[in-house]
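Below: one structure, written as structure tokens.
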Amino acid sequence: MPKKGLGKGLGSIFGDTNVDEITSDNKPAVEGDITNIRMSLIEPNKKQPRRNFDAEKIEALSESIKEHGLIQPIILTPSKDGTYKIVAGERRWRAAKKARLKEIPAVVRSYNEEQVAEIALIENLQRENLNPIEEAIGYNLLMEEFNLTQELISKRVGKSRSAVANSLRLLSLDDDIKKLLINGSLTSGHARAVLSLDDKELRSALAKRIIEDNLNVRQAEALAKQLQKKTPAKKVKEKSAYDIEIEKIQNDLSSKMGTRVKINHTQKKGKIEIEYYGNDDLERVLGFFNI
């Protein structure tokens, strides 16, 4: 099935259908129309990128639904057993359940698993419903389960490839810092400053300072540079001309490859370490070597 219009907004999914066309009969749902579906036939999407639902907001939406009804239909896709899976609108479905509705207005469309995951991610991104970790998990799902590249994901969701790559990097953070992103104590910008540090303890210290001192992203980046300079004291030997040249090569490689490159060099042997973030980034890096 073509993926027409997914990255252009969820409005393209509904077309010109009017909410006034809702019917309350029990006939099978006609694809593309808005119809009422029994709540008992609807199941949530287990691959929904959104993991956290604010209980207070669900309660408030539930009260609104009790008074005014559900204005915007959810999107469902039929399953082989006669039930329906939620593609978009789980928060509305949860609130409708809380309001004890027996049926709910829905647009029924046939989608494959990849499209279901993609639309669920797009809906949440457009509504700004995802925390940074949920967003990264959503991208990772599309990459790992459906073999989408970062380039394809960026086109589908309307973001730059670098934004997708930066989001995926958040998954490499320690769990304690991920929790701070999930609960909103840190932003993605703060997290990128934290990621600039290699040491686990320094990362935790920076995250703590950001919260305690209410630092903005620029202040966090400046502090990260200071912490990097104050890493546990090792005797710093004066750099030779040869060391300076190696460092220059390292910096040139990092700049050209668009990722961190580290050269560990001794007189007898050495190694070059190249960082990458996910399968797509690995392919990009290998491209520099015609692999």
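A few remarks follow.
- Two-decimal Rg/Rh across segment 241-287, once Rg and the Kirkwood Rh are taken from alpha-carbon atoms: 1.04
- Here the residues I249, I42, ranked from fewest to most Cβ neighbours within 10 Å of their Cβ, fall in the order I249, I42.
- Ranking of S64, S162 by count of other Cβ atoms within 10 Å, fewest first: S162, S64
- Label-point separation in nm, M39 to K179, each point 7 Å along Cα→Cβ: 3.3
- Residues Y276, Y139, Y84, sorted so that the one with the fewest Cβ neighbours within 10 Å comes first: Y276, Y84, Y139
- Pairs beyond 20 Å (Cα-Cα), from K229/K256; K225/K262; K57/K85; K57/K208: K229/K256; K57/K85; K57/K208
- Once backbone amide H atoms are built at 1.01 Å from N, L76 has V87, V107, V108, R109 as its partners under 5 Å, excluding neighbours fewer than 5 places away on the same chain.
- Label positions at D198 and K262, each projected 7 Å from the Cα along the C-beta direction, are separated by 0.3 nm.
- If the segment from E283 to R100 were pulled out straight at 0.36 nm per residue, it would be longer than the present Cα-Cα gap by 60.9 nm.
- Cβ-Cβ FRET estimate between Q228 and I291, R0 fixed at 41 Å, reported to 0.05: 0.80
- Computed from label points 7 Å out along Cα-Cβ, the spacing between I272 and F53 is 5.1 nm.
Any read-out appearing in this document is the output of simple, stated calculations on the displayed coordinates, not a laboratory observation. Everything numeric in this text was worked out from a predicted model, so none of it was measured. Here the Cβ is made from the backbone with ideal geometry for all residues, glycine too, and neighbour counts use every protein chain on show.
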